[in-house]
Amino acid sequence: MDKISILNLRIHGRHGVYDFEKKKDGIFELDIEMFLDLFKSGQSDDLIDTIDYASVTEATIKTFKRKQYNLIESLAENICNDLFEQFPIKKIKIKIRKPHAPIKANFEAVEVQLIRERY
């Protein structure tokens, strides 16, 4: 199966369990991998036969900013559902990183990864 990836999309948001997380923007980093058949677009060289990256990015940002999520797990699930509704994707792998997670430790980021398939 073929794949289109959007890597390290950075979006400002106020997602988290704690009140202080909801009061100040943090930067979240997203990787979105969309699996689908790209044979037709490879032959036609026409945008109509593939997925428009800009449209996927806009849809992701819209879902991301629709509400404040407590859990990035829930945020990731909602993004997957919305992308399945809007685009002819067979499988999605999404990673959401939260570099500013409120953990008293030296770490790069916490990350949630979901893999969802259309049945």
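In region 19-45, the residues that are within 23 Å of LEU83 (Cα to Cα) reach residues that are of a type in the set (Phe, Trp, Tyr) and part of a helix (DSSP H, G or I) with C-beta atoms within less than 9 angstrom, at least six apart or across chains, in these pairs: PHE28/PHE64; LEU30/PHE64. With respect to being crowded, with 17+ Cβ neighbours inside 10 Å and among the charged types (D, E, K, R), ARG97 fits the description. Taken residue by residue, region 25-37 has no member that is surrounded by 11 or more Cβ atoms within 10 Å (Cβ to Cβ) and assigned to a helix (DSSP H, G or I).
Conditions (1) charged (D, E, K, R); (2) within 18 Å of HIS15 (Cα to Cα); (3) at pLDDT 95 or above, marked per residue:
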residue: ASP37; (1), (2), (3): yes, no, yes
residue: GLN43; (1), (2), (3): no, no, yes
residue: ALA54; (1), (2), (3): no, no, yes
residue: ARG66; (1), (2), (3): yes, yes, yes
residue: GLU77; (1), (2), (3): yes, yes, yes
residue: LYS93; (1), (2), (3): yes, no, yes
residue: PHE107; (1), (2), (3): no, no, no
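Do we have ILE4 as hydrophobic (A, V, I, L, M, F, W, C), over 14 Å from ILE96 (Cβ atoms) and in a loop (DSSP other than H, G, I, E, B) here? Against the criterion (hydrophobic (A, V, I, L, M, F, W, C), over 14 Å from ILE96 (Cβ atoms) and in a loop (DSSP other than H, G, I, E, B)), ILE4 does not qualify.
Among the residues of region 78-90, are any open to solvent by 90 Å² or more (accessible area, probe 1.4 Å) and touching a helix residue (DSSP H, G or I) at 6+ places or on another chain (Cβ under 6 Å)? Yes, region 78-90 contains at least one residue that is open to solvent by 90 Å² or more (accessible area, probe 1.4 Å) and touching a helix residue (DSSP H, G or I) at 6+ places or on another chain (Cβ under 6 Å). Among the residues in region 48-64, are any in a strand (DSSP E or B), open to solvent by less than 100 Å² (accessible area, probe 1.4 Å) and closer than 19 Å to LYS91 by Cα? Looking for residues that are in a strand (DSSP E or B), open to solvent by less than 100 Å² (accessible area, probe 1.4 Å) and closer than 19 Å to LYS91 by Cα, one finds none in region 48-64, hence no.
If you go through region 66-77 and pick out every residue that is in contact with a strand residue (DSSP E or B) (Cβ under 7 Å, 6 or more places away or on another chain) and either open to solvent by 10 Å² or more (accessible area, probe 1.4 Å) or within 17 Å of ASP25 (Cβ to Cβ) (or both), you end up with 4.
The values are calculated or read from the model by the stated rules, or taken from the named source; none is laboratory data. Worth saying up front: this structure is predicted, and the values here are computed from it rather than measured. Backbone-built Cβ (ideal geometry, glycine too); neighbour counts: all protein chains shown. Heavy atoms of the whole protein, side chains included, go into the accessibility calculation; ligands, DNA and RNA do not. Shrake-Rupley method; radii C 1.70, N 1.55, O 1.52, S 1.80 Å.
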